[in-house]
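The structure appears right after this line, and notes come after that.
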């Protein structure tokens with residue numbers, strides 16, 4: 001090992017220069033071709049996946065909390081804030097599938113990414129429906145006992 | 001400077017420094033993602049005034065029973081009937097709750113609709129079984145209305 005490191009025969013400056021240049025050119029070619037996928041798409045996918053499931057969990061938590069304190073006669077409504085974009089894309093919260101599947105879907109219409117979050121069977125006792133787009137300014141969940 | 005260029009020792013230290021810095025960069029990227037995740041779901045739990053609304057409800061129920069026994073006590077020393085005394089006490093309770101919630105920046109309204117009936121007056125009965133109370137709660141983003149909340153006073 002020691003001999004291998006200290007042995008400097010067969011190494012010339014020009015060979016070293018050519019080797020380094022070739023490696024650098026190859027490296028930068030790969031980086032340039034894949035830069036969009038490596039530096040933008042993959043982190044964007046990770047961020048969207050996490051943020052969309054986060055928003056889905058938020059909706060599920062809020063609906064469960066509201067379900068716990070629903071008035072027998074009366075109504076309750078609450079406004080909430082969500083980020084306008086997850087990663088680089090807008091998304092839609094879809095609760096229309098809640099009644100049949102007991103889930104809420106968070107969908108990105110531009111890329112088709114979809115995250116599903118359970119609502120723990122609440123929709124069997126209380127109908128849940130509606131959609132919300134992340135790009136609209138006001139978001140609201142409401143419940144009315146007389147309807 | 002000359003000696004620094006010629007000195008080729010410590011290659012392994014330099015190499016391990018590179019490896020360590022690469023590991024640190026990877027960890028920093030992961031930590032940044034972990035920071036964002038879970039923000040909105042936990043924020044929703046904090047912001048939604050679930051406990052405040054529940055307490056408004058359960059306090060009113062608890063106090064209705066206390067007020068009932070109190071109005072029977074006061075009835076012994078005044079000419080007023082039990083429902084009249086109860087109504088006065090309930091108004092007091094309502095004012096106090098409104099002040100308490102206003103201190104947290106929330107608007108509540110607790111108003112007694114009727115005692116032992118649902119037509120806006122109370123039966124001239126000496127006992128109190130059921131009261132109808134209108135409850136509203138508003139904190140700017142959440143609006144809760146229970147009209148009426150039927151409270152059974154058993155004690």
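The values are calculated or read from the model by the stated rules, or taken from the named source; none is laboratory data. Note that this is a predicted model, so its numbers are computed, not measured. Using ideal geometry, Cβ is built from the backbone for each residue, glycine included, and neighbour counts are taken over all protein chains shown.
Selection of the range B:105-121 for residues being modelled with pLDDT under 80 and at positive phi yields B:116, B:120. Would you call residue A:93 within 14 Å of another protein chain (Cβ to nearest Cβ) and part of a strand (DSSP E or B)? Yes.
Condition check ((1) on the phi > 0 side of the Ramachandran plot; (2) at pLDDT 75 or above; (3) in a helix (DSSP H, G or I)) across all residues:
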site: A:5; (1), (2), (3): no, no, yes
site: A:8; (1), (2), (3): no, no, no
site: A:14; (1), (2), (3): no, yes, yes
site: A:22; (1), (2), (3): no, yes, yes
site: A:28; (1), (2), (3): no, yes, yes
site: A:32; (1), (2), (3): no, yes, yes
site: A:36; (1), (2), (3): no, yes, yes
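Summed over the range B:122-155, the residues that are closer than 19 Å to residue B:66 by Cβ, at the interface with another protein chain (Cβ under 9 Å from one of its Cβ atoms) and modelled with pLDDT under 90 give a count of 2. Residues in the range B:22-58 that are surrounded by 13 or more Cβ atoms within 10 Å (Cβ to Cβ) and more than 9 Å from chain A (Cβ to nearest Cβ): B:52, B:55, B:56. Candidates are the residues of the range B:131-155 that are assigned to a loop (DSSP other than H, G, I, E, B) and at negative phi; the one that is surrounded by the fewest Cβ atoms within 10 Å (Cβ to Cβ) is B:155.
If you go through the range A:80-90 and keep only what is in contact with a helix residue (DSSP H, G or I) (Cβ under 6 Å, 6 or more places away or on another chain), more than 8 Å from chain B (Cβ to nearest Cβ) and in a loop (DSSP other than H, G, I, E, B), you end up with A:87, A:88.
Counting residues in the range A:121-129 that are within 14 Å of another protein chain (Cβ to nearest Cβ) and surrounded by 19 or more Cβ atoms within 10 Å (Cβ to Cβ) gives zero.
Screening A:54, A:77, A:72, A:65 for residues that are at the interface with chain B (Cβ under 9 Å from one of its Cβ atoms), within 28 Å of the chain's Cα centre (by Cα) and over 18 Å from residue B:43 (Cβ atoms) leaves exactly one candidate, A:77. For residue B:100, indicate whether it is touching a helix residue (DSSP H, G or I) at 6+ places or on another chain (Cβ under 7 Å), assigned to a helix (DSSP H, G or I) and more than 14 Å from chain A (Cβ to nearest Cβ). For residue B:100, the condition - touching a helix residue (DSSP H, G or I) at 6+ places or on another chain (Cβ under 7 Å), assigned to a helix (DSSP H, G or I) and more than 14 Å from chain A (Cβ to nearest Cβ) - is not met.
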